[in-house]
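Engineer: I have a structure I would like to understand better, so I am pasting it below and will then ask my questions one at a time.
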Amino acid sequence: MRRILWFRRDLRTEDNPLLSLQGEVLPIFIFDTTILSSLKPDDRRVTFIFQTLIAIKKSLQDKGLNLALFYGKPVDIFDYLLRVEKFDEVCASRDYDAYAIERDRTVSHRIMFHYLHDNYIFRHDEVLKDNGTPYLVFTPFYNRAKSLFRPEHMREYKPSHQQLISFNFDIIHAIDGTTHKTLPISLSSIEFEQQDLPDILCQSPIDKLNRFTDKISDYHHNRDFMALSATSHISSDLRFGRLSVRALLRWLSEQKKQGIDTEPFFRELIFREFYAMLLAHFPHLSTTNFRYPFKGIENESYFNAFCNAQTGVPIVDAGIRELLHTGEMHNRVRMIVASFFTKNLLLPWQWGEAFFAKHLNDYDASSNILSWQWSAGTGVDPQPYFRIFNPYTQASKFDSNGDYIRRWIPELNSVPTKTLYTESLLFSLNLSSYPSPIVNHRESSQKALNYYKSL
């Protein structure tokens, strides 16, 4: 059988089901112009993907294989491939966001599509209620997932004997309609610029897990403290598949054998599964509320202040600066920021989601969209609309010395720690280099409550 092996969110050669299939194969990666057209030339994620692909090409070459690179719309590229070669099927791991579903449907009209299960622990229809419907509350989903979890969910895919189909692997094939151009293998060929990557993206997933070995026993206690390096930092590796979720589960199993409580970390993985399952069953959630006709108030002034880390709320601005400078943001800070955005500023959650999508290294449609709906109180199993994070209380609790805030807002280095968490003192600070808060927490919270009650 002659197969196209379409690498997407599985950018690795170890434990990859694509490489477990026998027969004649053509491994490919597509720089999808439908996606790339919305990105700026300096998007660091494209550099990250490009460097990962170069490493994959070398690894495949060591196995007697290679990776063909394409630039264009997937449908045009498959039309080209089917003109120049004969293939029986295309094989790829399943993805669940709205664009991916429509993209794959279009390709499947041209060639048999063989879906592989790779990106998640469970299939989207595996953890369901007894009546076959999806769970809408996380805790029952979590309990069901635990009861269904088997050693098979951790199986390692071993490479099979594959014969490489002859092709030109030394260029980027640019396809536009029926036009085929050849480009050198470089970022500039696809109209992007080489970026310096933060150290955390340059480290291998295995190195990250090795360091996390010394931290996982305290993960439950330390994970919310944003000044600490207490988390695994593997979210981008899972997002792009540099690390398989099965390899992560096998690593967790080894930690558990050492007597370490791995449940808190496993629970976070199941949250990822929950959100992916929800988006698979309810694709309209990409843009539409699950509950409440909440639209938010379109205030460009507030939005610009937020996007430029000029809200005057230190913990919020610190999080935005971390995001803009590195593409990273601590998970606790993400929750604080999203609550402030949707409740205190009453901005449309879709605006915040799109802003995160533009900058997060680990951007994952299901996790990001459903997390924003959770914060806005509009999603499945959401945070209640009347629960509004106090950003000052949150910062005082999880950044008690102000280390995280000062790391990203050096203008506040000389400001007493107490001031960072006291709104009235921030209003009277009058710094030329840092603004006063753009909203009062109590007043804006009450405005949000009144708004929700009116829906």
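Coordinate-derived values only; no laboratory data. Just so we're clear, the structure is a prediction, and the values are computed from it rather than from any experiment. Backbone-built Cβ (ideal geometry, glycine too); neighbour counts: all protein chains shown.
Engineer: Restricting to DSSP H runs of at least four residues, report the calculated mean residue ellipticity at 222 nm for the chain, -39500 (n - 2.57) per run over all residues, nearest 500 deg cm²/dmol.
Structural biologist: Helices in the chain give a 222 nm mean residue ellipticity of -12500 deg cm²/dmol.
Engineer: While we're looking at this one, here's another question. Using θ = phi - 60° and the Karplus curve 6.51 cos²θ - 1.76 cosθ + 1.60, what whole-Hz ³J(HN,Hα) does each residue of segment 405-411 get, with Gly and Pro shown as x?
Structural biologist: 4, 6, 4, 9, 10, x, 4
Engineer: In sequence order, what are the phi-derived ³J(HN,Hα) couplings for segment 52-62 according to the Karplus relation 6.51 cos²θ - 1.76 cosθ + 1.60 with θ = phi - 60°, rounded to whole Hz, with x for glycine and proline?
Structural biologist: Residue by residue, segment 52-62 yields 5, 5, 4, 5, 5, 4, 5, 4, 5, 4, 5 Hz.
Engineer: Between segment 335-408 and segment 427-448, what is the C-alpha centre distance in whole Å?
Structural biologist: Between the Cα centre of segment 335-408 and that of segment 427-448, the gap is 18 Å.
Engineer: Follow-up. Against the longest alpha carbon principal axis of the chain, how many degrees, from 0 to 90 and to the nearest 10, is the axis of helix 314-326 turned?
Structural biologist: Taking the Cα atoms of the chain, the angle to 314-326 is about 20 degrees.
Engineer: Helix 138-148 versus the longest principal axis of the chain: what is the Cα-based angle in degrees, 0 to 90, to the nearest 10?
Structural biologist: Helix 138-148 sits at roughly 40 degrees to that axis.
Engineer: For segment 107-205, with only Lys/Arg (+1) and Asp/Glu (-1) charged at the beta-carbon, what is the dipole magnitude about the Cα centre, in debye rounded to 20? Before the final figure, lay out each step's value.
Structural biologist: Working: 9 positive and 12 negative charges, 125 e Å.
In total the dipole reaches around 600 debye.
Engineer: Let me ask something else. Can you work out the base-10 log of I(q)/I(0) for segment 262-323 at q = 0.16, 0.28 1/Å, using the Debye formula on its C-alpha atoms alone?
Structural biologist: -0.89, -0.96
Engineer: Projected onto the charge dipole of segment 77-212 (+1 at Lys/Arg Cβ, -1 at Asp/Glu Cβ, origin at the Cα centre), which of Asn131, Leu201, Gln163 gives the Cα projection farthest towards the positive end?
Structural biologist: The residue sitting farthest along the positive end of the dipole is Asn131.
Engineer: Using a ≥ b ≥ c from the Cα gyration tensor of segment 357-438 (square roots of the eigenvalues), is it rounded, prolate or oblate, where a/c under 1.5 gives rounded and otherwise the larger of a/b and b/c decides, a/b for prolate?
Structural biologist: Cα axes put segment 357-438 in the prolate bin.
Engineer: Another one. Put a dot 7 Å past each Cα toward the Cβ at Lys257 and Ser147; how far apart are the dots in nm?
Structural biologist: Label-label distance for Ser147 and Lys257, simple model: 2.9 nm.
Engineer: To continue, here is another question. If you take the square roots of the eigenvalues of the alpha-carbon gyration tensor of segment 1-117 and sort them as a ≥ b ≥ c, do you get rounded (a/c under 1.5), prolate (a/b over b/c) or oblate?
Structural biologist: Oblate, since a/c reaches 1.5 and b/c is not below a/b.
Engineer: Given the options Pro410, Phe356, Leu323, identify the residue whose Cα lies farthest towards the positive end of the charge dipole of segment 300-453 (+1 on Cβ of Lys, Arg; -1 on Cβ of Asp, Glu).
Structural biologist: Most positive-ward Cα: Pro410.
Engineer: Rank Ser186, Leu285, Pro74 by how far each Cα sits towards the positive end of the charge dipole of the chain (+1 on Lys, Arg Cβ; -1 on Asp, Glu Cβ) and give me just the farthest.
Structural biologist: The residue sitting farthest along the positive end of the dipole is Leu285.
Engineer: Roughly how far apart, in whole Å, are the Cα centres of segment 189-224 and segment 225-281?
Structural biologist: Rounded to whole Å, the Cα centres lie 13 Å apart.
Engineer: Further, regarding this structure: Cut-off under 30 Å on the C-alpha distance; same-chain residues fewer than 8 positions from Lys146 excluded. Which lysines are left, in chain and number order?
Structural biologist: Lys129, Lys158, Lys208, Lys215, Lys256, Lys257
Engineer: About the Cα centre of segment 300-453, how large is the charge dipole given +1 on each Lys and Arg Cβ and -1 on each Asp and Glu Cβ? Please answer in debye to the nearest 20.
Structural biologist: 400
Engineer: Viscosity 0.692 mPa s, temperature 37 °C: Stokes-Einstein D of segment 300-453 from its Kirkwood Cα radius, in µm² per second?
Structural biologist: 211
Engineer: Further question: What chymotrypsin sites (Phe, Trp or Tyr not before Pro) in segment 1-58 are in a loop by DSSP, with at most 15 other Cβ atoms within 10 Å of the Cβ?
Structural biologist: Hits after loop and neighbour filter: nothing returned.
Engineer: For segment 225-238, take each phi angle, set θ = phi - 60°, evaluate the Karplus expression 6.51 cos²θ - 1.76 cosθ + 1.60, and give the result in whole Hz per residue in order, putting x for glycine and proline.
Structural biologist: Karplus values, whole Hz, x for Gly and Pro: 8, 5, 7, 8, 9, 10, 10, 7, 6, 9, 4, 5, 5, 5.
Engineer: Rounding to the nearest 20 debye, state how big the charge dipole of the chain is about its Cα centre with +1 on each Lys and Arg Cβ and -1 on each Asp and Glu Cβ.
Structural biologist: Details: 53 positive and 53 negative charges, 161 e Å.
Using Cβ point charges on Lys, Arg, Asp and Glu, the chain gives about 780 debye.
Engineer: Follow-up question, since we're still on this one. Pull up the DSSP beta bridges for the chain and report the antiparallel fraction as a percent, rounded to 5. Could you put the intermediate results ahead of the total?
Structural biologist: On the way: 5 of 31 bridges.
Rounded to the nearest five, the antiparallel share is 15 percent.
Engineer: Suppose R0 equals 22 Å; then what is the FRET efficiency for Gln446 and Thr419 from their Cβ-Cβ distance, rounded to the nearest 0.05? Before the final figure, lay out the partial values.
Structural biologist: Details: r = 24 Å, r/R0 = 1.09.
After rounding to 0.05, the efficiency reads 0.35.
Engineer: What residues of segment 113-133 lie in the reach of a label at Glu89, counting those whose backbone N is under 16 Å from a point 7 Å from the Cα along Cα→Cβ?
Structural biologist: Those under the cut-off are 113-118.
Engineer: Calculated FRET efficiency, Ala357 and Thr139, Cβ-Cβ r, R0 25 Å, to nearest 0.05?
Structural biologist: 0.35
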